[in-house]
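The values are calculated or read from the model by the stated rules, or taken from the named source; none is laboratory data. Given the structure is predicted, the values throughout are model-derived calculations rather than measurements. A quick note on method: Cβ atoms are made from the backbone with ideal geometry, for glycine too, and the neighbour counts reach across all protein chains shown.
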């Protein structure tokens, strides 16, 4: 009865458009009142969920992304991508995906990537003759690369929940992220050939060289983060601070995209975004505690293992479950609630935990572009000024591509485990 009240309240809040963090808090309070449990539990477990050293890297990476974006890095990334592929049929669409793959090494979040790349690429694609829904769908789909290619905020959350190595997960996400990006580039090319979308002119290797110099500092930032963590120079939290300092210096003195007077606004924007994310983690921890006390995770695990102990079928069941969950639940909340019990099931049937973490994150990233509640769809649709229905119809070829990549990553563990095995084993 009380569990039904918990999920019922949560579902009603989502239907009404209440932010996911608030929905988690409200449904938890309703449950606690019904169970006659002291509401101090909310403060206690919210604080416990947020009191993690690893979580401190989230504000650092968010600030670094905002500093680099404010410093003009997005324009340079788009220019670099366009110099490489702009002369191919559908070149601006291909540059959109290429830009997202490069920007992924800065932001670590799909929504930030949609907003930043979309603000530049969607108007440019529309002006060049691309359909508005296609331009918006390309941007939204490409943004899902962000949390797969390191750094990745969802992987940081997974590390906080389970103690898995964030460095290993960062490396494990690199090849799947590249596969995802190249798969979407192929999708863009096929659709562009079919619809006769325009192509630009080849500007020569000189432009490639010039634009690569301009984008060099963005690429160097990704290398700095990865080498620092993998090489043991600093922890993920320390890496986030180093990257924020690096972004400040590059944005202010090299790209000169912002001035010192702009810094308070950038810091405030980063603080608000980080605060909302960490507060979501806290409320999700309360919700997760309630589920644990009701033994819901154990019931899920037992139900799955009672059906089969074949790891390939378990992976299929997990993929189906998470693709459904991703259509209506925010990524961080889904990770906190579902990842621990699902990891227990995966380890029980012999699935490598790092490989499984990448599969789960990839699933939930696809959910960000899956109707009806894909957050990146809303952001891209708003920039392109198209309806949710129009972008939902345009996103399906990309969803098919992403699910194919998901199946490859799920059933070929080498794709995600190759790089970590080189550096950690």
Tell me which helices (runs of 4 or more DSSP H) are completely within region 348-425 and hold 3 or more residues being in contact (Cβ under 8 Å) with a residue 60 or more places away in the chain and over 18 Å from residue 137 (Cα atoms), or say none if there are none.
353-367, 388-411, 414-424
So residue 151, is it outside any helix (DSSP H, G or I), in contact (Cβ under 8 Å) with a residue 40 or more places away in the chain, under 21 Å from the mean Cα position of the chain (by Cα) and closer than 22 Å to residue 97 by Cα
yes
Please state which one of 405, 373 is at pLDDT below 85, within 20 Å of the chain's Cα centre (by Cα) and closer than 30 Å to residue 351 by Cβ.
373
Tell me whether region 288-309 contains one or more residues that are in contact (Cβ under 8 Å) with a residue 40 or more places away in the chain, loosely packed, with under 14 Cβ neighbours inside 10 Å and part of a helix (DSSP H, G or I).
yes
For region 255-280, the count of residues that are modelled with pLDDT under 80 and farther than 23 Å from residue 157 by Cβ equals 4
Which one is farthest from residue 224 (Cα to Cα) among residues in region 92-113 that are at pLDDT 75 or above and within 14 Å of the chain's Cα centre (by Cα)?
100
Among the numbered conditions (1) at pLDDT 80 or above; (2) outside any helix (DSSP H, G or I), tell me where residue 33 comes up short.
(2)
